[in-house]
Amino acid sequence: MSGPSVSLGGITREQKMLGAAGANILFIIMLFLDWFGASAGGFSVSASGTDVVPSWWILAIIAALAAAVLAAEALYIELPIRTDAVAGAWLSAFPFVYTLMLILDVPGGGRKFGIFLALIFSAAALALSVIAAREEA
């Protein structure tokens with residue numbers, strides 16, 4: 001007896017790339033939500049992704065570039081430089097790895113919903129872009 005399986009066979013390559021592009025944009029939005037926080041004695045302190053990630057704008061630019069590359073490839077738009085879904089997959093890997101390292105680096109609790117949503121969206125972007133890049137070959 002096997003468990004349920006996920007099949008992306010009914011989704012076209014272009015839809016996968018557009019999904020990955022959308023997930024990258026959602027990751028950028030998650031940078032502005034609370035990632036960490038603590039409360040004690042009636043006081044609470046929270047920090048968003050922009051507070052926690054040094055030079056967060058670099059991570060946002062990388063995610064935006066990944067979204068642009070993937071969307072351009074899906075919509076058959078030629079960019080000034082030669083790109084493909086593999087470049088989008090590589091760019092999508094950076095937000096995922098950085099968010100995963102941040103979750104694993106901070107001991108104890110205090111993690112808020114924003115960092116988990118950022119991890120989910122960056123993982124979705126990476127998975128969809130890698131699947132689309134493998135279909136390209």
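The selection criterion, being farther than 21 Å from Ala125 by Cα, more than 13 Å from the chain's Cα centre (by Cα) and surrounded by fewer than 14 Cβ atoms within 10 Å (Cβ to Cβ), does not hold for Gly37. Of the residues making up region 93-112, those that are in a helix (DSSP H, G or I) and in contact with a Phe, Trp or Tyr (Cβ under 9 Å, 6 or more places away or on another chain) are Pro95, Phe96, Thr99, Leu102, Ile103.
Filtering region 12-68 to residues that are under 13 Å from Leu102 (Cβ atoms) and assigned to a strand (DSSP E or B) leaves Trp35, Phe36, Ala47, Ser48. Tell me whether region 3-25 contains one or more residues that are out of contact with any strand residue (DSSP E or B) (no Cβ under 9 Å at 6 or more places or on another chain), of a type outside the set (S, T, N, Q), modelled with pLDDT of 95 or more and more than 15 Å from Val130 (Cα to Cα). Yes: region 3-25 contains one or more residues that are out of contact with any strand residue (DSSP E or B) (no Cβ under 9 Å at 6 or more places or on another chain), of a type outside the set (S, T, N, Q), modelled with pLDDT of 95 or more and more than 15 Å from Val130 (Cα to Cα). Applying the criterion of being within 13 Å of Trp35 (Cβ to Cβ) and among the aromatic types (Phe, Trp, Tyr) to the residues of region 82-120, the residue that is modelled with the lowest pLDDT is Phe113.
Here Ile131 clears all of (1) under 16 Å from Ile29 (Cβ atoms); (2) in contact with a Lys or Arg (Cβ under 7 Å, 6 or more places away or on another chain) except the condition numbered (1). Out of curiosity, is Ala124 buried (at least 19 other Cβ atoms within 10 Å of the Cβ), out of contact with any Ser or Thr (no Cβ under 9 Å at 6 or more places or on another chain) and over 18 Å from Ile29 (Cα atoms)? Taking the combined requirement at face value, the residue does not satisfy it.
Every listed requirement among (1) at pLDDT 95 or above; (2) within 15 Å of Glu136 (Cα to Cα); (3) not hydroxyl-bearing (Ser, Thr, Tyr) is met by Ala60 save one, (2).
The set of residues in region 44-96 that are within 27 Å of Ile131 (Cβ to Cβ) and of a type in the set (S, T, N, Q) comprises Thr83, Ser92.
The values are calculated or read from the model by the stated rules, or taken from the named source; none is laboratory data. A quick note: this is a predicted structure, and the numbers were derived from the prediction, not measured. A quick note on method: Cβ atoms are made from the backbone with ideal geometry, for glycine too, and the neighbour counts reach across all protein chains shown.
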